[in-house]
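Asks: Take this structure first; my questions come after.
The values are calculated or read from the model by the stated rules, or taken from the named source; none is laboratory data. Remember, predicted model here, so these are calculated numbers, not experimental data. Ideal geometry is used to build each Cβ from the backbone, glycine not excepted, and the neighbour counts take in all protein chains shown. Accessible surface areas use protein heavy atoms only, side chains included; no ligands, DNA or RNA. Shrake-Rupley method; radii C 1.70, N 1.55, O 1.52, S 1.80 Å.
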Amino acid sequence: MVTLIRTLADHSDDVSCCAFSASCLATCSLDKTIRVYSLNDFTECPYSPLRGHTYAVHCCCFSPSGHALASCSTDGTTVVWDTRDGRALAALEQPRSSPVRVCRFSPESTYLVSGAADGSVVLWNVQSLKLYRSGNVKDGSLVACAFSPNGNFFVTGSSSGDLTVWDNKMRCLYNEKAHDLGVTGCDISSQPVSDGECGFVYFQMASCGQDNQIKLWHVLFADVLGVELKYKCTLSGHSAPVLACAFSYDGQMLVSGSVDKCVVIYDTSTGNILHKLSQHTRYVTTCAFAPYGPLIATGSMDKTVNIWRLDYKQPCAGNTAENESKVAVEDWSEDDVSVWLGAQGLADFVGLFKRNNIDGKELLNLTKESLANELKIESLGLRSKILQKIKELRMKTSSVPIPDEFLCPITRELMKDPVIA
C-alpha cells in the first residue's frame, strides 16, 4: 500500500528534479530556485530556498555524505552548495557555457559529472572543484546520467537515444542505441548482482525514453571483456513518454513518472506493476526513492512535489540480517549499517558512520567512549539512544543454544508437542 503523506507546493514553476539524502529532500524548479526540506517533518531548512542560478534549474543531487548539494541550470553552470549553511562553494562553468541538463556525484564523492545541451560531459574534481576531464557524445543533448555503485564507470543518456558508458578517466567504453525517440532518464541500482553462470558481477540499470518505454539492462564490467550492456526486458506501464525513473535502495523496485501524469512502481524481478498513482494534474517530471527509508518523492509540472510512504517493509540487506538472521550482524557491510540506522530513525548519522567505515562488527563494538571521543557525538541523549538501539540489536541477534532435552533424539529438531511414552 502507498500513502500520500505530504504535498509540497512552494515552487512557482514546473518542478524539474528531486533528490534525497539520508536526512533531507532537495527539489529544484524552472523558477530558478532549489529548496531543501528536513525529512523529520518536511519543513524547509533555514537557508532554503537556494538562489544563485539566473535561469531554470534542471537537476539537483546530493553528495553521498549529504554535506554537499549540486544543481545545474540553463545558465551554463553547475553550482555546489554546502548543505550545512546553504553557502555556494563554487559555480562550475560548462565549456562553451552550454545549458547544463544533468549532474551527478560519484559514490565516493571523488567526481561530479555534468552533462549539457551541446553534448559535452565534464568530470569535475570535487576536492579542488576544478575541471578534471571532459568529452562529448556523438549526437544530441545530454539529459541523463548515473554512476555505477563502485564508481568505476558511469552511463550517460542523450536526446538522440544513445546510452554511452564511460570510465572514470572519461574514456568511452560502449555505446548503445536504446530509445529511438530519445533517452529521458536512467538509473543504476546501488546493489550489484552476481551472475552465477559466468561468475561476473553486473549492475542493474534502467533507462526511459520518449518511446513510452522503460528498459531494464544488465551492465557487465569485466577487465577481460570490457563493458557489455545486455538488454533484459521492457516495462510498459505508461501510455506516454516516460520522463524519469529511479531504483529503490535494494534494487527490487523501480518508480517512474510520465507525460501521462501517472507514477508507476514496478517489481524489477518480475516486471509486474505494484502501484499506479495518479494524483498529479500535469506531467510527472521527476521521481526518487529515499536511500534508507520507505519514502518516494515525485515532482510535476503542476508545481508540486508529492511525498509517498510505502506502508510495508522493503526487503533490504539490513532487514534481512536483523529479522531473518540470514546474515549475522557482525557480517553486515557499511551499507547494511546505513539501512539499519535509517530504520531506527537515526538517518542523520549515516554520513558519519560511513566516513568512519562502521560495519557490523564495528557497530557491535561501539561504546559510550568511542561515540564521544572517536565519532565526536556531543549530545548525551543521542549517544544513549544509539547505544540503546545497539543493545536491542544484540539481544535480537544473540543466539541462545537450545537445551538438548528440548530436541527430538531422532531428528534433532525442536520438539513442539513432546509426549513421554
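Asks: Inspect the stretch 21-28 for any residue being open to solvent by 10 Å² or more (accessible area, probe 1.4 Å), out of contact with any His (no Cβ under 7 Å at 6 or more places or on another chain), without any contact (Cβ under 8 Å) to a residue 60 or more places away in the chain and assigned by the TED database to the domain that holds VAL255 and give the result as yes or no.
Replies: yes
Asks: Tell me yes or no: at least one residue of the stretch 80-93 is in contact with a Ser or Thr (Cβ under 8 Å, 6 or more places away or on another chain), open to solvent by 10 Å² or more (accessible area, probe 1.4 Å), hydrophobic (A, V, I, L, M, F, W, C) and not in a strand (DSSP E or B).
Replies: Within the stretch 80-93 (the criterion being in contact with a Ser or Thr (Cβ under 8 Å, 6 or more places away or on another chain), open to solvent by 10 Å² or more (accessible area, probe 1.4 Å), hydrophobic (A, V, I, L, M, F, W, C) and not in a strand (DSSP E or B)), the answer is no, since none of the residues qualifies.
Asks: Could you run through the stretch 239-286 and say how many residues are over 25 Å from ASP14 (Cβ atoms), of a type in the set (A, V, I, L, M, F, W, C) and over 17 Å from the mean Cα position of the chain (by Cα)?
Replies: Qualifying residue count for the region: 2.
Asks: Then there is this: Please find, within the stretch 50-66, the residue that is nearest to ALA88 (Cα to Cα) out of those that are in a loop (DSSP other than H, G, I, E, B) and in contact with a strand residue (DSSP E or B) (Cβ under 7 Å, 6 or more places away or on another chain). Full working, then the answer.
Replies: Here is the first cut: in the stretch 50-66, the residues in a loop (DSSP other than H, G, I, E, B) are 52-56, 63-66.
In the following step, the residues that additionally are in contact with a strand residue (DSSP E or B) (Cβ under 7 Å, 6 or more places away or on another chain) were identified as 52-53, 55-56, 63-64, 66.
Working: GLY52: 8, HIS53: 11, TYR55: 16, ALA56: 17, SER63: 14, PRO64: 18, GLY66: 15 Å.
It comes out as GLY52.
Per-residue answers, yes or no, for (1) closer than 19 Å to VAL350 by Cβ; (2) out of contact with any Lys or Arg (no Cβ under 9 Å at 6 or more places or on another chain); (3) at pLDDT below 95:
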{"site": "LEU39", "(1), (2), (3)": "yes, yes, yes"}
{"site": "LEU50", "(1), (2), (3)": "no, no, no"}
{"site": "VAL57", "(1), (2), (3)": "no, no, no"}
{"site": "CYS61", "(1), (2), (3)": "yes, no, no"}
{"site": "ALA68", "(1), (2), (3)": "yes, yes, no"}
{"site": "THR77", "(1), (2), (3)": "no, yes, no"}
{"site": "LEU89", "(1), (2), (3)": "no, yes, no"}
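Asks: Report every pair of residues separated by at least 6 positions or lying on different chains whose Cβ atoms are under 7 Å apart, first residue within the stretch 129-140 and within 16 Å of VAL165 (Cα to Cα) and in the same structural domain as SER71 (by the TED database), second open to solvent by 70 Å² or more (accessible area, probe 1.4 Å) and in a strand (DSSP E or B).
Replies: Within 7 Å, the pairs are GLY135/CYS172.
Asks: Looking only at the stretch 237-285, filter to residues that are loosely packed, with under 13 Cβ neighbours inside 10 Å and of a type in the set (Ser, Thr, Tyr); which one of those is modelled with the lowest pLDDT?
Replies: Of everything passing the filter in the stretch 237-285, SER269 is modelled with the lowest pLDDT.
Asks: For the stretch 281-305, how many residues are at positive phi and in contact with a Gly (Cβ under 7 Å, 6 or more places away or on another chain)?
Replies: Residues meeting the conditions: 0.
Asks: Check the stretch 37-59 and report whether any residue there is in contact with an Asp or Glu (Cβ under 8 Å, 6 or more places away or on another chain), open to solvent by less than 10 Å² (accessible area, probe 1.4 Å) and closer than 22 Å to GLY293 by Cβ.
Replies: Taking every residue of the stretch 37-59 in turn, at least one turns out to be in contact with an Asp or Glu (Cβ under 8 Å, 6 or more places away or on another chain), open to solvent by less than 10 Å² (accessible area, probe 1.4 Å) and closer than 22 Å to GLY293 by Cβ.
Conditions (1) in a loop (DSSP other than H, G, I, E, B); (2) among the aliphatic types (A, V, I, L, M); (3) in contact (Cβ under 8 Å) with a residue 60 or more places away in the chain, marked per residue:
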position	(1), (2), (3)
GLY237	yes, no, no
CYS245	no, no, yes
GLY251	yes, no, yes
ASP260	yes, no, no
SER269	yes, no, no
CYS287	no, no, yes
PRO291	yes, no, yes
ALA297	no, yes, yes
